Amino acid sequence: MTARIASFLDKGGTGKTTSIAHLGVALTQHGHDVLLIDLAGKQGDLAKAFGVWGDVQDAIDADEAWPNISTVFDDAWSTIAEKLGDDAVHDLVYETGEDVDLIPAHPGLDTLDAELGNIDDASERYSRLEAFLDDYVEDLTYDVVLIDLPGMSNNVTYNGLWAARHVLAPVEMGPFEAEQAGALREDLEKIRSNFGIDVELVMVLPNKVDDRTKLSTSQSIAS
Ligand SMILES: Nc1ncnc2c1ncn2[C@@H]1O[C@H](COP(=O)(O)OP(=O)(O)O)[C@@H](O)[C@H]1O
Ligand SMILES: [Mg+2]
């Protein structure tokens, strides 16, 4: 089975996207097949990081970016996928010059949180991405799928956490971030107890460490 990891912290700018990009490339350099999925917003930071945003934007402008990452959350996705056959998933995936593959962001992500909010049943609301990974991405036999999430807790984020079960939290060295990591642990505990699924914080990654500052040395991440 493909390993899945989501990059998440309830805050912007801590290095979620950067970490996912670098981890992806590092894993390919160790011989693994890697797929990145950008759920972090329509600005398409991962596509920009890999220099494919121009192609993605062209497809969007030409109305050819369909299906896209927001389509896979749709009620009708399985019907759409059946009609498109093998192309359904292949059309979503861009190759990058760094050997990792990418399902880039799309403007449809803007309204996705609200659309998911209309699904009454909570386990249905949070499990759309998992269903997509199980039913369509598993067949592509990637070794690792890395999911970049928004810096906030919303229905899209919960789909990512639910699907990945493994969370990587990049934090900067500061008291505020230490609190955020604590809040993330509590969030994950809530998901575990409310829905009976095992979401695990597998890595807290200290980012932008500056040895010259007191915070880096005194603010141990071990807590
Ligand atoms: N280790 C690092 N060293 C220098 N700059 C970094 C580092 N990690 C992230 N950045 C920069 O900080 C900004 C925010 O990082 P980003 O990965 O986009 O955060 P997030 O995805 O959590 O919002 C970006 O401009 C990125 O290039
Ligand atoms: Mg980001």
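The values are calculated or read from the model by the stated rules, or taken from the named source; none is laboratory data. Here the structure is a predicted model, which is why all the values come from computation and not from measurement. Reconstructed Cβ throughout: ideal geometry from the backbone, glycine too, with neighbour counts over all protein chains shown. The accessibility values were calculated without ligands, DNA or RNA, using every heavy atom of the protein model including side chains. Shrake-Rupley method; radii C 1.70, N 1.55, O 1.52, S 1.80 Å.
Accessible area of Glu95 (1.4 Å probe, protein heavy atoms only, ligands and nucleic acids ignored): about 150 Å².
Database remark: amide H of Asn207 closer than 5 angstrom to the amide H of Val171, Glu172, Met173 (H placed geometrically; neighbours at sequence offset of 5 or more, or on other chains; Pro and chain starts carry no H). Pairs exceeding a 18 Å alpha-carbon distance, out of Lys11/Lys208; Lys42/Lys83; Lys16/Lys42: Lys42/Lys83. Mean projected area of the Cα convex hull of the range 103-162, taken over all directions, amounts to 4.4 nm².
Based on alpha-carbon atoms only, what is the radius of gyration of the chain relative to the globular estimate 2.2 N^0.38 Å?
Against the compact-globule rule of thumb, the ratio is 1.01.
Here each label is just a point 7 Å from Cα along the line to Cβ, and for Asp87 and Asp74 those points are 1.4 nm apart.
Our summary gives the range 69-183 a relative contact order of 23 percent, counting only alpha carbon pairs under 8 angstrom and 6 or more residues apart. Summed over qualifying helices (DSSP H, 4 residues or more, each -39500 (n - 2.57)) and divided by its residue number, the chain shows a 222 nm mean residue ellipticity of -12000 deg cm²/dmol. Using Cβ point charges alone (K and R +1, D and E -1), the dipole size of the range 3-222 about the Cα centre works out to roughly 1200 debye. Of all DSSP beta bridges in the chain, what percent run antiparallel (nearest 5)? Percentage antiparallel, nearest 5: 10. Across the chain, the relative contact order, built from alpha-carbon pairs under 8 Å that are at least six residues apart, equals 32 percent.
Each Lys or Arg adds one and each Asp or Glu subtracts one; over the other residues with Cβ under 12 Å from the Cβ of Glu130, this totals 0.
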